[in-house]
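Contents: one structure, followed by commentary.
The values are calculated or read from the model by the stated rules, or taken from the named source; none is laboratory data. Predicted model only: the values in this text are computed from it and were never measured. With ideal geometry, Cβ positions are generated from the backbone for all residues, glycine too; neighbour counts draw on all protein chains shown. Just the protein is used for accessible areas: all its heavy atoms, side chains included, with ligands, DNA and RNA removed. Shrake-Rupley method; radii C 1.70, N 1.55, O 1.52, S 1.80 Å.
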Amino acid sequence: MTIQAPEGMELIYSRPESLAEMHTHYCPGCTHGIAHRLLGEALDELGMRERTILVAPVGCSVFAYNYFDTDACEAAHGRAPAMATGVKRTRPDNIVVTYQGDGDLAAIGTAEIIHAAARGEQITTIFINNAIYGMTGGQMAPTTLPGQKTRSSPDGRDVEIAGFPIRMSEVLATLPGAAYIVRRSMHDVKNIRKAKKAIITALKVQEAGLGFSMVELLSSCPTNWGIQPNEALQWIEEHMVPYYPLEDYKVIEAVKNL
Amino acid sequence: MPVDKDVGVNDTMAKQMLKGNIAIAEAALRAGLEAYFGYPITPQTELLEHLSKRMVDEGRVFLQAESEVAAINMVYGAASTGARVMTSSSSPGISLMQEGMSYIAGSELPVVIVDVMRGGPGLGNILPAQGDYFQVTRSAGHGDFHPIVLAPASVQEAIDFTVLAFDLAEKYRHMVIIAADGQIGQMMEPAELPEMKPINKVRPDWALTGANGRGKRIITSIYLSGEEMETFNQKIQDRLVEIKLNEQRWAELYTDDCVLLVIGYGTAGRIARSAVEAAREKGLKVGLLRPQTLYPFPDDRISELADYTEGCLVVEMNAGQMVDDVRLAVGGQIPVSFYGRMGGIVPLPDEILEAIEDTYEKLTIHTPK
């Protein structure tokens, strides 16, 4: 269905062509929808939809391949960067994007993401950090904050037992192959706009063949955090942003000239 | 290793001395291999080393992955784009690849995987063994599927099966494993390589290439509803029936009049041949069947032979795995004996001859037909 503006009026908002026309399974208040839209808009604006191959993860966004109107494949848990490597190496002219959550990227898939970044793999990763395992029902993630209560840290994350959460953007920024690594947040409009800008830059980095690019997006999970969607956005700002600063961690010189 | 350099430079079709691992690598390249992803592990490493030079020289994709887990998932990605792709490893590495192999099976992608088997379990050793028979034929990953499994017994057969593997993988959109043991990978013998074939640039109609002027394509192994999943499972099973019907392969010798049928594959099958020849010289009516496909297992022919054979002796370089398939094939018609060596120890022809004589004696004393 194509949305049309009534006579005499200008259409200023519609579904990006890069998103498929279907409902998502995401919970009310979840920011995956926003992240999908931002990526969809970015692909549209850069005219990349028809060249894009999306690699979906295991986690809440396991069905991301249904929601984008691009070619797509579904990786094993954590292996999206390896699968994307196989895709990109055989299809160097395509735009290859992995979309991964924190359990996928920062726990089971640490080896794959670190080595993809180290190789300077010409792929773009959208990293959704909501500090929890969403799909399995709210267990502790590698990014769960100290003291944060989850289904598998019912008294709050005890760093004596479970160690400290990992800051993946900071880790990946140390690798020479990484060209563009930034963290953004989706807790308010201003930050959402910044997130979209970063996604556009990351895709341009890939297009220019400058190396590995990743945008980490702080995201909410009202269902598994057990709070209202608006409170969840506040929680990002008050609790996540202090531990996960919204910074540019790696922007090589060539990116600035894009 | 001067031979590495000879291969590929020498394009003539004459026989040349080739190491098994290098022969497989070069045969794959000449069969139009577009991308290779792997991780070093003995006793298959020469395969990876050879391709690290040759693939790059030919302008094709070679990448040494950070692990076997990553390698197989790179294969998964490359196969999703319709590229002719391969990986290789040895037993412990194949264990790590099983996750990806299951996803590849669940996505119906044609890939070729080489397993140069070594001693196990655990880290085991790097000697030739056949302890992964169950792994490759029965449990190549979680879920209900079987790869096609080819078992070469010589360097020449390793070359021929490598070419065949790609054809079968693409014909059936199915995974093919070349199950070689360390002996096949490491030994050198004269063999002839195939002619160089260019990469096939034509992509199948399911390949991910970007939704340019057509609807989107998805490669996935998810079927959420039980009904959908079962329909997909049935599709795999139907394909396996077709594969069983068309692709059972074996070699046989002296089976016209044999009282005892010796069955072995790969290196064990080849040594068993020497033992069978020696037994014939002693006047014993012994025949040999060497399965070339471990899946589909050549049970039709074995079942047929069981009709006019008194007994079977299965020889393997493990504690007895294929012997179960032989028992299933003969269906209790004749007794099935077993002789095996483990630990990466390759049996000598004399040992097998002794086992043949023992089994033969028992058969001819107790159960004359």
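Of the residues B:Glu354, B:Glu304, B:Glu361, which is under 14 Å from B:Gly287 (Cα atoms) and open to solvent by 70 Å² or more (accessible area, probe 1.4 Å)?
B:Glu304
Listed residues A:Glu50, A:Glu17, A:Glu10; which is out of contact with any Ser or Thr (no Cβ under 6 Å at 6 or more places or on another chain), outside any helix (DSSP H, G or I) and within 12 Å of another protein chain (Cβ to nearest Cβ)?
On the way: A:Glu50 fails: outside any helix (DSSP H, G or I); A:Glu10 fails: within 12 Å of another protein chain (Cβ to nearest Cβ).
Going through A:Glu50, A:Glu17, A:Glu10 in turn, just one is out of contact with any Ser or Thr (no Cβ under 6 Å at 6 or more places or on another chain), outside any helix (DSSP H, G or I) and within 12 Å of another protein chain (Cβ to nearest Cβ): A:Glu17.
Please identify the pairs in which a residue from region B:174-197 that is in the same structural domain as B:Ala129 (by TED's automatic domain parsing) has its Cβ atom under 6 Å from the Cβ atom of a residue that is hydroxyl-bearing (Ser, Thr, Tyr) and part of a helix (DSSP H, G or I), counting only partners at least 6 apart or on another chain.
Close Cβ pairs (under 6 Å, with a partner that is hydroxyl-bearing (Ser, Thr, Tyr) and part of a helix (DSSP H, G or I)) amount to B:Asp181/B:Thr267; B:Gln183/B:Thr267.
Just need a number here: residues in region A:95-123 that are open to solvent by 10 Å² or more (accessible area, probe 1.4 Å) and of a type in the set (S, T, N, Q).
So the answer is 2.
If you scan region A:53-67, which residues turn out to be in a strand (DSSP E or B) and under 14 Å from the mean Cα position of the chain (by Cα)? Step through it out loud before you land on a result.
Within region A:53-67, the subset in a strand (DSSP E or B) is A:53-56.
Of everything in region A:53-67, those that are in a strand (DSSP E or B) and under 14 Å from the mean Cα position of the chain (by Cα) turn out to be A:Leu54, A:Val55, A:Ala56.
Quick one: how many residues across region A:50-74 are over 23 Å from B:Val75 (Cβ atoms) and of a type outside the set (Asp, Glu)?
Going residue by residue through region A:50-74, those that are over 23 Å from B:Val75 (Cβ atoms) are A:50, A:60-61, A:63, A:66-69.
Subsequent filtering for residues that are of a type outside the set (Asp, Glu) retains A:60-61, A:63, A:66-68.
Residues flagged as over 23 Å from B:Val75 (Cβ atoms) and of a type outside the set (Asp, Glu) within region A:50-74 amount to 6.
How many residues does region B:206-238 hold that are open to solvent by 30 Å² or more (accessible area, probe 1.4 Å), part of a helix (DSSP H, G or I) and not aliphatic (A, V, I, L, M)?
So the answer is 10.
Does any residue in region A:231-258 that is of a type in the set (Phe, Trp, Tyr) come within less than 8 Å, Cβ to Cβ, of a residue that is in a helix (DSSP H, G or I) and surrounded by 14 or more Cβ atoms within 10 Å (Cβ to Cβ) six or more places away or on a different chain, and which pairs are these?
Qualifying pairs under 8 Å: A:Trp235/A:Trp225; A:Tyr244/A:Ser169; A:Tyr249/A:Ser169; A:Tyr249/A:Glu170; A:Tyr249/A:Leu172; A:Tyr249/A:Ala173.
Please specify each residue of region B:266-292 satisfying the condition of being among the β-branched types (Val, Ile, Thr) and either open to solvent by 10 Å² or more (accessible area, probe 1.4 Å) or part of a helix (DSSP H, G or I) (or both).
Passing the criteria: B:Thr267, B:Ile271, B:Val276.
Quick check: is even one residue across region B:328-338 open to solvent by less than 30 Å² (accessible area, probe 1.4 Å) and under 11 Å from B:Gly264 (Cα atoms)?
no
Out of the residues in region B:180-205 that are of a type in the set (A, V, I, L, M, F, W, C), in contact with a helix residue (DSSP H, G or I) (Cβ under 9 Å, 6 or more places away or on another chain) and part of a loop (DSSP other than H, G, I, E, B), which is farthest from the other protein chains (Cβ to nearest Cβ)?
B:Met187
Tell me, which residue of region A:68-87 that is open to solvent by 10 Å² or more (accessible area, probe 1.4 Å) and at the interface with chain B (Cβ under 8 Å from one of its Cβ atoms) is farthest from the chain's Cα centre (by Cα)?
The extreme case among them is A:Asp69.
Please give the helices (runs of 4 or more DSSP H) falling wholly within region A:159-225 in which 1 or more residues are open to solvent by 40 Å² or more (accessible area, probe 1.4 Å), within 18 Å of A:Lys88 (Cβ to Cβ) and out of contact with any Ser or Thr (no Cβ under 6 Å at 6 or more places or on another chain).
A:189-207
Counting just the residues of region A:30-45 that are of a type in the set (A, V, I, L, M, F, W, C) and either part of a helix (DSSP H, G or I) or open to solvent by less than 10 Å² (accessible area, probe 1.4 Å) (or both), which one comes out nearest to A:Leu233 (Cα to Cα)?
Only one residue tops the list, namely A:Ile34.
Table: residues versus (1) under 16 Å from the mean Cα position of the chain (by Cα); (2) open to solvent by 10 Å² or more (accessible area, probe 1.4 Å).
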position: B:Lys53; (1), (2): no, yes
position: B:Gly59; (1), (2): no, yes
position: B:Phe62; (1), (2): no, yes
position: B:Arg84; (1), (2): no, yes
position: B:Met97; (1), (2): yes, no
position: B:Gly100; (1), (2): no, no
position: B:Tyr103; (1), (2): no, yes
position: B:Ile126; (1), (2): no, yes
